[in-house]
Every structure is written in structure tokens, then in C-alpha cells.
Amino acid sequence: MTSPIDRLFETLPWGPAPESAKDALRWLDAHGRRFGLFIGGRWVKGSGGETLATQNPATKEPLATVVQAGAADVAAAVAAARKAQKAWAALPDHARARHLYALARTVQRNARLLAVLESLDNGKPIRETRDIDVPLVARHFYYHAGWAQLRTAEFPDHGPVGVVAQIVPWNFPLLMMAWKVAPALAAGNTVVLKPAEYTPLSALCFAELAQEAGLPPGVLNVVTGDGRTGAHLVEHPDVDKIAFTGSTEVGRIIRTTTAGTGKKLTLELGGKSPFIVFEDADLDGVVEGVVDAIWFNQGQVCCAGSRLLVQESIAERLHAKVRERMEKFRVGPPLDKAVDMGAIVAPAQLERIRGLVAQGVAEGSTVWQPSWACPTEGWFYPPTLFTDVAPAATIAQVEIFGPVLVSLTFRTPAEAVELANNTPYGLAASVWSENINLALDVAPKLKAGVVWINATNLFDAAAGFGGYRESGFGREGGREGMYEYLRPAWERAAKDAKVAAPTARRKAARAAAARPAVDRTPKLFIGGKQRRPDGGYSRKVVAPDGSLLAEVGEGNRKDIRDAVEAAHSAAGWGRGSGHARAQILYYVGENLTARAAEFAARIDAMTGVGRKAAAAEVEASVARLFTYAAWADKWDGAVHQVPIRGVTLAMHEPVGVLGIAAPETAPLLGFLSLVAPAIALGNTVVAVPSSAHPLAATDLYSVLETSDLPAGVVNIVTGDRGALARVLAEHFDVDGVWFFGAAGDRAAVKAVEEASAGNLKRTWTSLVPRDWTDVKQGEGREFLRRATEVKNIWIPYGE
Ligand code: NAD
């Protein structure tokens with residue numbers, strides 16, 4: 001006869017283990033369940049009277065009412081942030097560090113309140129808010145207390161950006177807030193934060209706690225409301241930077257609205273991340289990995305491993321194991337500590353998930369869901385597995401943002417990489433194999449900002465997080481995340497300074513006398529060959545006195561297309577060693593030195609700066625080539641100090657194909673100051689030289705040809721910089737565009753930034769003229785950072 005205890009061991013039943021909501025509800029009640037806006041250190045009423053209700057997704061019960069902030073409310077919040085900014089930035093680093101430390105301690109002291117509030121408002125399990133969200137929030141403030149302390153020492157010659165608008169989504173309300181607020185404050189900025197309309201409560205609670213912890217009024221302001229409030233914030237002229245996390249669709253809108261305004265921008269957007277399983281993987285480990293990848297936070301995770309790519313030989317076995325696990329899965333009240341998955345945030349999201357699942361079925365994929373039913377009192381959705389999915393199927397391409405896993409198969413590692421990268425996104429990836437050689441070979445080939453090996457959804461403040469491609473740009477966390485909230489000190493000074501009038505006219509007569517005869521019409525330089533422009537037109541290059549120096553090709557859309565194709569076919573350049581690239585850059589420098597006098601004469605003839613200044617420009621150009629030859633094998637990544645047993649490698653990878661519009665002035669030095677760092681770090685380039693003074697660049701063709709530079713690494717298309725840069729920005733196979741102009745180029749910069757929204761390519765634009773001969777402005781780490789993406793590869797180890 002079996003005893004009751006034996007029977008318990010056989011059946012392993014468990015009952016509910018509810019967490020109390022008492023304290024969180026008491027906090028809501030203390031506010032009468034109605035919240036104003038948190039501006040300038042106090043609660044203020046909204047000006048318009050419109051409100052929003054938030055509900056508990058697990059019960060559909062109303063929780064509280066918040067303000068739908070209008071333009072006047074947003075303006076008041078921005079004004080409060082502006083008023084507080086100077087004093088906040090002027091605090092000694094140590095004082096700001098103490099404030100951030102106080103915020104970290106506050107989060108820890110109120111950990112349970114925040115965790116429960118987050119679960120109530122969002123529907124996510126208390127197990128996750130308590131053990132993941134809130135500890136990561138505290139960790140983020142601790143880590144950035146450190147950067148605040150080290151700010152001047154580690155980021156010399158940099159200052160805060162100013163007033164920062166931060167807009168976050170509903171899936172990790174508190175964590176996304178911390179990822180934004182902590183670095184912003186550490187760097188000396190003040191903040192206006194807008195939480196998502198479904199989940200405003202934890203941010204409001206945090207703002208109040210921060211105030212109690214002594215944060216000065218106006219340093220952190222919170223405005224609530226939906227997308228309209230977000231749009232007011234984005235459009236406000238006194239905002240210096242926008243940090244946005246949310247959908248790619250809204251990211252595009254924000255990119256377009258901010259085009260040409262000079263506002264700094266970071267976008268953390270959507271994803272469709274691959275979870276790649278090779279046949280030698282530990283399948284039991286994989287199953288638990290799948291659970292964490294796609295059923296963590298009900299699958300409402302930007303970096304969710306939503307595409308299971310599994311090697312054909314083990315697909316059936318793995319699918320069977322996953323189904324077995326799903327059958328035992330527990331979906332239920334989020335405050336029950338024993339549930340795996342809680343509720344979907346809102347009915348609109350639930351409908352979206354249902355709609356996409358129905359479309360998957362209609363398109364012929366096979367759906368599987370467990371036999372049990374979800375609770376009916378809230379917005380619940382069961383874990384779901386799709387098999388027999390074609391790579392082009394809607395469910396394989398579109399971000400579902402729910403607990404829906406889509407499985408595809410592959411045969412070879414090369415096919416796995418191809419499938420993994422078959423998405424416009426590039427946020428994260430996870431690779432499962434017991435063969436570390438294979439995993440480490442695959443990781444760099446994946447277009448993703450984060451790669452986890454035999455793991456998934458690991459986060460830490462020390463390791464930057466952010467995407468490639470249409471998953472956005474910028475990083476949160478790490479040293480790189482701090483740069484998003486800083487700007488070089490010289491920029492502000494230069495903005496106010498008068499640009500010295502060119503001495504061109506004075507020197508014009510002498511330059512005309514020195515100019516070489518009109519002897520030839522330089523063509524374009526594409527794929528290592530000199531090519532006639534497609535349109536058959538040319539443009540005149542004149543000396544300062546108006547006399548004709550030469551004619552150059554007038555590049556058009558077709559020429560840019562050809563140049564981009566050539567740049568892509570030279571992608572092997574990025575896979576070579578830094579040493580190899582350094583050698584070629586030195587060689588270009590050496591060959592340029594041999595023709596220094598000729599280049600100086602050319603520069604003088606075009607610009608009239610005088611022989612001495614022209615010679616100095618050539619000399620500086622050679623030095624710049626040497627600078628980036630030096631950097632080519634020294635722009636190291638890092639091994640981050642994250643709390644796992646293992647290593648997290650931060651690798652610098654080239655952005656890809658860069659379109660570069662060089663400045664009008666300093667026709668050789670400006671051109672090389674941009675092209676050299678780009679190619680030193682493995683990018684290939686389509687460069688548009690100065691429109692007025694292009695001959696320094698066209699003279700470079702023969703230097704490049706004799707310097708062993710592989711064909712297609714540098715392509716040069718002469719013509720109208722503004723028009724050609726726009727074509728580059730519109731091109732879907734260009735990964736980044738740099739445009740260096742002056743005050744008169746505002747319209748061109750706007751056009752470039754607007755056009756870049758198409759595939760969300762990275763842009764680096766400048767309307768503040770640089771002194772290219774000043775090494776602080778003309779070279780260095782800023783250029784290296786812009787020329788690379790950071791990929792963090794997490795490698796836990798141990799038997
Ligand atoms: P969403 O883009 O609809 O909303 C995000 C935020 O933007 C909300 O606060 C919303 O009110 C605001 N907003 C909406 N329209 C706006 C506009 N025109 N101007 C300014 N603000 C506007 O996204 P969501 O549905 O709340 O969140 C889900 C998305 O967020 C998913 O695509 C997910 O992948 C992404 N996400 C990305 C990351 C990341 O780090 N990359 C992290 C979490 C979520």
C-alpha cells in the first residue's frame with residue numbers, strides 16, 4: 001500500500017502560491033487611484049482633462065486613471081527639465097554618483113512594491129518581475145552610479161546632451177525606464193519620460209520614490225499618455241535628444257519627424273530573433289532555453305527567440321520534446337508564484353496575436369497548442385508552436401509579440417546563417433551546440449547586436465544592448481551606452497563660433513596662375529575601375545577666379561547603384577585582419593607622400609588657400625591615413641564583467657556598406673578623414689567628394705590603384721553631394737550614411753535623414769563645420785565608434 005507521502009511524490013501536485021497585492025493597492029489608493037503628471041518634483045494636473053484608464057490584464061479590473069498629457073503639459077515638463085539641467089550637469093561627478101546610488105538603493109528597498117505593481121499593471125508573472133525585472137533595474141542604477149563617478153575621467157572632452165525625451169513601451173515598463181534614465185542622469189542630462197499607455201504606474205511610482213530619495217526637482221519628469229503625447233515630446237523644439245524603445249513602425253515615424261532638426265536619436269526597435277539549434281545540442285537544455293526564449297514575459301519581448309531554426313535531423317525529436325513541455329506549462333494569475341506565464345497586456349494585443357496565428361494556419365503551417373484551456377477572466381493566450389513553416393510565410397517574417405514559436409528547419413550551418421539573417425531585423429540571436437568551434441564560427445556571421453551561446457535572454461548593465469538593421473541604432477548599457485547621452489565639448493563651442501571667412505578670393509589670382517592645364521575629364525571610380533558616368537553628363541570644376549580647371553563626371557542614381565553593388569562584392573575586406581588593412585592604409589599614405597606637391601598644387605588651384613596651407617593639408621592627410629592604419633589593429637572590443645559564469649565578448653564589427661558625403665571644404669583631408677576610419681575598420685565605402693572641389697579625390701584614383709586596395713572597397717562618385725547622398729540614404733543595401741556639411745546644407749541633411757527611415761540605416765550628419773586639422777575634431781574614437789557596430793556574444797561555460 002502506498003502512503004500519502006509516496007503518492008505525493010508520484011503525482012507532484014502543487015497549489016497556488018499567491019503573492020499579496022496589498023501594498024501596491026494601498027499605494028494606488030493613497031493616490032485616490034488617480035494620477036497627475038510628475039513635473040518639476042511634484043504632481044500636477046493635466047491641462048486638458050482627458051484621461052486614460054489602466055487595467056489589470058489578468059482580471060480586466062480597472063487599476064487607476066492617468067492623464068492624457070497634451071502639448072502644454074509636455075511643454076511644462078520640458079521647461080522643468082531645462083530649468084534643472086544646468087545645475088544637475090554642474091554637480092561634481094561624485095554628487096551625481098551618490099544620487100544614482102540612492103536610486104539603486106531605493107529600488108532595492110521597494111523591490112516588492114515595484115514588482116507587484118508591475119505585475120498588476122502589465123500581467124507578467126511576479127516570478128519574473130521579482131527575480132528579473134526589478135533586480136536588473138537596481139543593477140542598472142548601481143552600474144551607472146559608477147559611470148557618474150567616473151564621468152570626467154573616462155569621458156574627457158565630453159558633456160551632456162541636455163534635455164532628453166525618453167519614450168518606452170509596455171513590455172518591460174520599469175526596466176526600459178531604468179535603461180534610459182540611469183545613463184541619461186549619470187551623464188548630466190535631465191529627463192522627460194513617457195511610459196506606455198497600458199503600463200504607466202511603475203514609472204509614476206518610481207518618480208515619486210526618486211523624489212523621496214532626494215533627486216532634485218525637474219531632473220526626472222514623467223508625462224503619461226498615448227502616442228499623441230509621445231509625438232508632442234518628439235516634436236518639442238527644446239528637446240536635445242530622443243531615446244525611443246518601441247515598434248519599428250513608430251521608430252520610422254520618429255526618424256522622419258526629427259530629420260534635419262539636429263536632435264540626437266537612439267532607436268531600440270523590434271525583432272524576429274533566431275534560436276538556432278544544431279544537431280549536437282543538448283536537447284533538454286534547448287527545451288528550457290526555448291521556454292525562456294519565447295514564453296518569458298508571454299513572448300512580449302523585443303529579443304524573443306521567436307524563430308526556432310532546427311537542424312533537420314533532430315527536428316522531429318525536438319518538436320516532440322517541446323510539445324511535451326508545453327503540455328505541462330502553467331498559464332494563470334500573474335501574482336501566483338507558481339505560474340510560468342501570465343496575461344497578455346491588452347485586448348488589442350491579444351487580437352493581434354490571434355489574427356497572426358489564424359493567418360499562419362491559413363498560409364498552410366501546422367499549429368499546435370496544449371490540450372488544457374487558459375483562464376477566461378483575463379486576456380490569456382496559450383503557448384503555441386508552428387511547424388511546416390515556409391521562410392517567406394507571414395508568421396516567419398512578422399514580429400508576433402506573443403507566446404508563438406515558429407519553427408523552420410535547415411541542413412547545413414551555412415543554411416542556418418542564411419535563414420537566421422533572412423529578416424529585416426537584427427536584434428538578437430541564440431546558438432545551441434555542444435561544439436564551441438561551430439557556435440563561435442556562426443556567431444560573428446549573424447546580423448544581430450546580441451548573440452547568446454547555449455543561453456538566451458541574458459541581460460546586464462555592463463553589456464550594451466541594441467540592434468543592427470531595422471532593430472534600430474544605439475546601445476543601452478556599457479560604455480557605448482554612455483556615449484549616446486554625451487556629446488563632444490568642442491561641438492557646442494563651434495556652434496557658437498563664427499566660421500572664418502575663406503581667404504580664397506585673396507589668393508585667387510595666384511592660384512589661377514599655378515593651376516594645371518585642363519587636360520582630362522576624371523571619370524568615376526567604381527569597383528576598382530575608372531568608369532564613365534551613366535548619364536553622360538559632366539560638371540565643371542572652377543578655380544576661385546572662375547576659370548575652368550577640369551570637368552568631372554556627374555554621377556546619378558544608376559552610378560550609385562553600381563557603386564553599392566561593387567562595395568557589396570568587396571565585403572571580404574571586413575573579414576580580413578586589421579593588420580592587412582593597416583598595411584594597405586600605410587601604403588596609400590606612402591604613395592600620397594610621393595605625390596604631395598602635385599596634390600598641394602591641385603588643392604591650391606581649386607580652393608585658393610595658398611601653397612603653404614595646401615601643402616599642410618596634404619601632410620595632415622598622410623598623417624590621418626597613418627592614424628587609421630594605427631587604429632586598424634587596435635580598436636579592440638572588450639570582455640565584459642557580467643554576473644555569469646562565462647565570458648561576454650563585445651566585438652567591434654563593421655557597419656557594412658557606408659555612403660559618405662565628404663565636406664565641401666578641405667577636399668582631401670575632409671575626404672580621407674571619413675573614408676580612412678571607415679575602411680580601416682572593415683567597411684566598404686561609396687564616397688561622394690566635395691562637389692565644388694572634387695579633383696583631390698579624383699586624383700586619388702591612381703593612388704588607390706597602386707596601393708593594393710582591393711577593388712570595390714572605396715568607390716568614388718562625383719556630382720551633387722546633396723542629391724547623391726539622398727540616393728545613398730534611399731538605397732536599401734546601404735547600411736549607413738555620413739553627411740558632413742555646413743549651415744547651408746540643412747535641407748540636404750533633412751532629406752538624408754528622412755530617406756534613411758526606409759531601412760533605418762544609421763546616419764551621422766553634421767552641420768557644424770569641423771576644423772579637420774585639429775585632431776580633437778578631425779580624428780579619433782568618435783569616428784571609430786561610428787564605423788562599427790558592437791556585438792555582444794554571451795558564452796556561459798562549465799560542465
Ligand atoms: P509602440 O511603438 O506602439 O509604442 C512604444 C511607445 O511609443 C509607447 O510609449 C507609445 O505611446 C509611444 N508612441 C506611439 N506612437 C508614437 C508616436 N507617433 N510618437 C512618439 N511616441 C509614440 O510599441 P509597443 O507596442 O508599446 O511595444 C512593442 C514594441 O517595442 C515591439 O516592436 C518590441 O519589439 C519593441 N521593443 C524593443 C525593445 C528594444 O530594446 N529593442 C525593447 C522592448 C520593446
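The values are calculated or read from the model by the stated rules, or taken from the named source; none is laboratory data. It should be emphasised that the depicted structure is a prediction, and the values quoted were computed from it without experimental measurement. Virtual Cβ from ideal backbone geometry, glycine too; neighbours counted across all protein chains shown. Just the protein is used for accessible areas: all its heavy atoms, side chains included, with ligands, DNA and RNA removed. Shrake-Rupley method; radii C 1.70, N 1.55, O 1.52, S 1.80 Å.
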- Query: So how many residues does region 160-176 have that are touching a strand residue (DSSP E or B) at 6+ places or on another chain (Cβ under 8 Å), open to solvent by less than 10 Å² (accessible area, probe 1.4 Å), outside any loop (DSSP other than H, G, I, E, B) and away from the ligand (no atom under 11 Å from the Cβ)?
  - Reply: 2
- Query: Between a first residue in region 245-260 that is modelled with pLDDT of 95 or more and a second residue that is near the ligand (Cβ under 10 Å from one of its atoms) and part of a helix (DSSP H, G or I), which pairs have beta carbons less than 6 Å apart while being 6 or more apart in sequence or on different chains?
  - Reply: THR245/MET176; ILE254/VAL234; THR257/VAL234
- Of the residues in region 178-193, those that are open to solvent by less than 10 Å² (accessible area, probe 1.4 Å) and within 11 Å of the ligand (Cβ to nearest atom) come to LYS180, LEU193
- Item | Index of the failed condition, GLY741 passing every other in (1) open to solvent by less than 20 Å² (accessible area, probe 1.4 Å); (2) modelled with pLDDT of 95 or more; (3) within 29 Å of ALA615 (Cα to Cα); (4) touching an Asp or Glu at 6+ places or on another chain (Cβ under 8 Å) | (2)
- Return yes when ALA748 is open to solvent by 10 Å² or more (accessible area, probe 1.4 Å) and at pLDDT below 95 and no when it is not. no
- Task: Give the residues of region 197-212 that are open to solvent by 30 Å² or more (accessible area, probe 1.4 Å), in contact with a Ser or Thr (Cβ under 8 Å, 6 or more places away or on another chain) and away from the ligand (no atom under 16 Å from the Cβ), sorted by residue number.
- Result: GLU212
- Message: Being charged (D, E, K, R) and crowded, with 22+ Cβ neighbours inside 10 Å is the requirement here; does ARG323 meet it?
- Response: no
- Message: Can you find a residue that is free of Cβ contacts under 8 Å to residues at least 40 places away in the same chain, open to solvent by less than 20 Å² (accessible area, probe 1.4 Å) and either in contact with a Pro (Cβ under 6 Å, 6 or more places away or on another chain) or not basic (Lys, Arg) (or both) anywhere in region 578-590?
- Response: no
- Task: For residues that are near the ligand (Cβ under 8 Å from one of its atoms) and either touching a residue at least 40 places away in the same chain (Cβ under 8 Å) or of a type in the set (S, T, N, Q) (or both), tally how many sit in region 217-231.
- Result: 5
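Quick grid of which residues meet (1) in contact with a helix residue (DSSP H, G or I) (Cβ under 8 Å, 6 or more places away or on another chain); (2) more than 21 Å from GLY449 (Cα to Cα):
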{"residue": "LYS750", "(1), (2)": "no, yes"}
{"residue": "VAL768", "(1), (2)": "yes, yes"}
{"residue": "GLY778", "(1), (2)": "yes, yes"}
{"residue": "GLU782", "(1), (2)": "no, no"}
{"residue": "THR788", "(1), (2)": "no, no"}
{"residue": "ILE793", "(1), (2)": "yes, no"}
- Message: Residue under question is VAL357, and the condition is that it be open to solvent by less than 20 Å² (accessible area, probe 1.4 Å), in contact (Cβ under 8 Å) with a residue 40 or more places away in the chain and not in a helix (DSSP H, G or I); does it hold?
- Response: no
- Query: Which members of region 672-696 meet the condition of being within 32 Å of the chain's Cα centre (by Cα), of a type in the set (A, V, I, L, M) and in a helix (DSSP H, G or I)?
  - Reply: LEU672, LEU674, VAL675, ALA676, ALA678, ILE679, ALA680
- Task: Six or more apart or on different chains, Cβ under 7 Å: which pairs go from a residue in region 630-659 that's over 14 Å from VAL450 (Cβ atoms) and open to solvent by 60 Å² or more (accessible area, probe 1.4 Å) to one that's among the aliphatic types (A, V, I, L, M) and modelled with pLDDT under 95? Could you list them?
- Result: VAL639/VAL647
- Considering residues that are among the basic types (Lys, Arg), within 16 Å of the ligand (Cβ to nearest atom) and assigned to a loop (DSSP other than H, G, I, E, B), the number found within region 279-328 is 0
- Item | Filtered residues of region 447-467 (kept if touching a residue at least 40 places away in the same chain (Cβ under 8 Å) and either away from the ligand (no atom under 16 Å from the Cβ) or open to solvent by 10 Å² or more (accessible area, probe 1.4 Å) (or both)) | ILE453, ASN454, ALA455, THR456, ASN457, LEU458, PHE459, ASP460, ALA462, PHE465
- Note on the structure: Looking across region 232-265 at residues that are part of a loop (DSSP other than H, G, I, E, B) and away from the ligand (no atom under 12 Å from the Cβ), the single one that is most open to solvent (accessible area, probe 1.4 Å) is PRO237
- Query: For region 469-491, which residues satisfy the criterion of being open to solvent by 10 Å² or more (accessible area, probe 1.4 Å) and not acidic (Asp, Glu)?
  - Reply: ARG469, PHE473, GLY474, ARG475, ARG479, TYR483, ARG487, PRO488, ALA489, TRP490
- If a residue has to be within 12 Å of GLY188 (Cα to Cα), open to solvent by 40 Å² or more (accessible area, probe 1.4 Å) and of a type outside the set (D, E, K, R) to count, how many in region 79-93 make the cut? 4
- Within region 537-556, is even one residue part of a helix (DSSP H, G or I), in contact with a helix residue (DSSP H, G or I) (Cβ under 8 Å, 6 or more places away or on another chain) and in contact (Cβ under 8 Å) with a residue 24 or more places away in the chain? no
- Being part of a helix (DSSP H, G or I) and farther than 19 Å from LEU674 by Cα, is that true of even one residue in region 614-629? yes
